[in-house]
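Have a look at the structure below, then the notes.
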Amino acid sequence: MRLTQAIVRLPGSNFAAGLASTIGGGAPDVDVALIQHERYCSELRNCGLQLTSLPADLSHPDSTFIEDTAILTARAVIITRPGAPSRLAETVATRDSLSKFFDVIHEINEPGTLDGGDICEVDDDFIIGLSARTNEQGARQLTAFLHDLGHNSLVVDIRGSTTLLHLKTGLSYLGDGLCIVAPDAPFVKALKRYELITVSKAEAYAANCIRVNEHILVAAGYPELLEALAARDLQVKVLQMSEFRKMDGGLSCLSLRF
Ligand code: CIR
């Protein structure tokens, strides 16, 4: 399905107050983050998308990672219930903006928790990652919604991983049967049907990339992955992501695309 729209949310001046692990390389520079975000938005436009840009929300410093707040299918939206308490109310603005595009809106309810970063769409199917953010009740609720909407789903467990915040921290589906996976990803057995490019440990961050129509958007600084994509004749756009990486966010997290 050709993508035509994206919703993004500007990083706020207190972006650095968001949740972050200690491995990300220090506090982000908000001015640099804004420049990187603007470039991200303009590349989405260059890929043919019309953008809805939500204003920054200073009550929710992580809200630029808007992917975590909704799951999109061809016919419906499932508003998530983010697993981090500080992020719960981020969904309000997402629901409001998606209601202009979708008539059918479901939601994950308590005690379920689910982050969009744990959901990977693979053609018409979905892989759901159980993580520190997505619990079994959340996964079950989403599975039921997807089933009713005509989609198969598969649940994998990444709770034992020390390196993956979300499923898509270590998995991207680029279409045409091709997945990019992080080294030591605990779910590779579930991907037998697909061609896998496994990034090296040094390039683990690059496993989070996105396909937007004809283009693959990847984070700058990962030459081995670039070479592997070039060998498949894929058209690649490279984006600086350093400041989002410091807050544990990747390329997919910064937009909802449909
Ligand atoms: C968080 O910990 O929730 C944010 N600092 C990063 C969220 C990144 N989102 C994603 O990977 N889908």
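Bear in mind these aren't lab numbers, they're just calculated from the coordinates by the rules spelled out. Values in this document were obtained by computation on a predicted structure and should not be read as measured data. Cβ: placed from backbone, ideal geometry, glycine included. Neighbour counts: every protein chain shown.
Some notes on this structure:
- In the chain, helical runs assigned H by DSSP with n ≥ 4 each contribute -39500 (n - 2.57); averaged across all residues and rounded to the nearest 500, the mean residue ellipticity at 222 nm is -6000 deg cm²/dmol.
- Estimated at 0.36 nm per residue, the fully extended path between S13 and R95 surpasses their Cα-Cα distance by 27.2 nm.
- The distance linking region 241-258 with region 19-93 is 7 Å (Cα centroid to Cα centroid, whole angstrom).
- Members of K189/K237; K100/K237; K168/K237; K192/K237 lying beyond 26 Å, as alpha-carbon distances in this model show: K189/K237; K100/K237; K192/K237
- The length gained on full extension between L154 and V104, counted as 0.36 nm times the residue separation minus their Cα-Cα distance, comes to 15.7 nm.
- Relative contact order for the chain: 22 percent, from Cα pairs under 8 Å spaced at least 6 residues apart, divided by residue count.
- With K and R counted +1 and D and E -1, the other residues having a Cβ less than 13 Å from that of D176 yield a net charge of -1.
- What separates the Cα centres of region 184-200 and region 100-159 is a distance of 20 Å.
- With both labels modelled 7 Å from their Cα along Cα-to-Cβ, the D29 to N46 distance reads 2.2 nm.
- Added length on full extension, which subtracts the Cα-Cα distance from 0.36 nm per residue, D123 to A231: 36.6 nm
- Dipole magnitude (debye, nearest 20) for the chain, charges at Cβ of Lys, Arg, Asp, Glu: 80 debye
- F126 sits among other residues whose Cβ lies under 12 Å from its own Cβ, and their net charge, with Lys and Arg +1 and Asp and Glu -1, is -4.
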